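Below is one structure, written out as structure tokens; comments come after it.
Just so it is clear, none of the values below were taken in a lab; they were calculated from the coordinates. Bear in mind that the values here come from a model prediction, so they are computed numbers and not experimental data. For neighbour counting, all protein chains shown are included, and Cβ atoms are generated from backbone atoms with ideal geometry for every residue, glycine included.
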Amino acid sequence: DYVEQMLPGTSFASLPPDGFCGTGSSAIQSNPYQGRLLTVQGASLPAGGSCTFTVSLQISADAHAGTYTNTTESVSATVGSETFTGPGASGTLVVAAAPRLRKAFVDNPMDVGGTGTLEFTLTADDNAEGASSNIAFTDDLDATLGGLTAVALPPDGFCGPGSHLSGTSLLSVSGAELAAGESCTFQVTVQVPAGAAPGTYTNTTSSISATQLGLAVNSAPASAPLVVNGLTLSKSFTDDPAIAGGTVTLHFELSNTSATGDYSNISFSDKLNSVLPALFTTGLPTSNMYGSGSQISGTSVLAFTGGSVPAGTSCAFDVTLQIPGTAG
């Protein structure tokens, strides 16, 4: 009996103890070619007799709702000295599962302090035996990125008459309904906090819960990446490795990945002596190299001030450092 062929991801959770159908009877599970095979052997029955035994199955959390037919191979037995073969048996399994959720940040990437659309789509399996009601899930925006909030929500009824979405940093969907094969799509406007660091943040919902065929059912959470644009600073030693008493070039690059926002009054500092005592600068770029008023100063502590980087551009500059002769 190949349960994996009936429903992918299905496995045996428990088998009957030996001797369930006469002395010497046993049930053995194996996994030939990922088929999850159950083999019953050594059973014996007197004339007119019967035996009943139970096998428990573990249904995958990713299983789709629907009706699945399980059919055994033919049954064989020895009567007297002759071998007889009979037809296999079939049974149907009805699987209930909550609708599946997909989500995406439609306006990826988003600027720091900007707004964009987070879109959700709930879909009920085509072969589900009944409608899904009381569909619910949550989405913790603040756990994705501190300060990420919803600033506009869809009106009630976006996914059935009783559907409702509430919250700002923690979104909560409740009361949605879908018939088999139906789907609904709704959108939330979210705002990236002004102090967000540029980067990629993964937003993941809770599992999706629902009622189907009178059962409380669940389906897997949905995830989507949020890409935040902004100003990034990178640095590297371009002629590494260097020798004691020699010089080395420290390369800085400021990048503005925003499509619309210009950055000005940029500043940062770099404590060279925290990397290596007595490490200091011997050559600095000229003033006004990246915007009027931009400059870098210092010897053992560098200070960059007054920089500006227009949207979609970057700037780079090099600083020459002297390595102390005692370094090692």
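Overview of results
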read-out	value
Calculated over the stretch 45-182: convex hull of Cα atoms, volume per residue (Å³)	166 Å³
Computed [θ] at 222 nm, deg cm²/dmol, the chain (DSSP H ≥ 4; -39,500 (n - 2.57); rounded to nearest 500)	-500 deg cm²/dmol
Phi to ³J(HN,Hα) by Karplus 6.51 cos²θ - 1.76 cosθ + 1.60 over the stretch 84-101, Hz, x for Gly, Pro	10, 10, x, x, x, 10, 10, x, 10, 10, 9, 9, 9, 8, 5, x, 9, 10
Förster-model FRET efficiency, 25 Å R0, Thr83 and Ala61, C-beta, rounded to 0.05	0.05
The stretch 200-253, relative contact order in percent, only Cα pairs under 8 angstrom and at least six apart counted	29 percent
Whole-Hz ³J(HN,Hα) from phi, Karplus 6.51 cos²θ - 1.76 cosθ + 1.60, for the stretch 178-184, glycine and proline x	8, 7, 4, x, 7, 9, 9
Cysteines (scope the chain) whose Cβ has no counterpart Cys Cβ under 4.7 Å	Cys315
Highest average packing first - 152-159, 226-233, 95-102, Cβ atoms within 10 Å	95-102, 226-233, 152-159
Stretch gain in nm, segment Thr54-Phe268, where the contour uses 0.36 nm per residue and the Cα spacing is subtracted	70.0 nm
For peptides 77-87, 205-215, 160-170, 120-130, sequence by mean Cβ density within 10 Å, most packed first	120-130, 205-215, 160-170, 77-87
The chain: C-alpha gyration tensor shape, a/c 1.5 cut-off, then a/b vs b/c	oblate
Two-site FRET efficiency, Ala104 against Ser133, from Cβ-Cβ distance with R₀ of 35 Å, rounded to 0.05	0.85
Over the chain, relative contact order from alpha-carbon pairs under 8 Å, at least 6 apart, %	13 percent
Residues whose placed amide H lies under 5 Å from that of Glu182, excluding near-sequence neighbours	Ala124
Phi-based couplings in Hz for the stretch 283-299 (Karplus 6.51, -1.76, 1.60; Gly and Pro marked x)	x, 10, x, 6, 5, 6, 6, 9, x, 4, x, 6, 7, 10, 9, x, 10
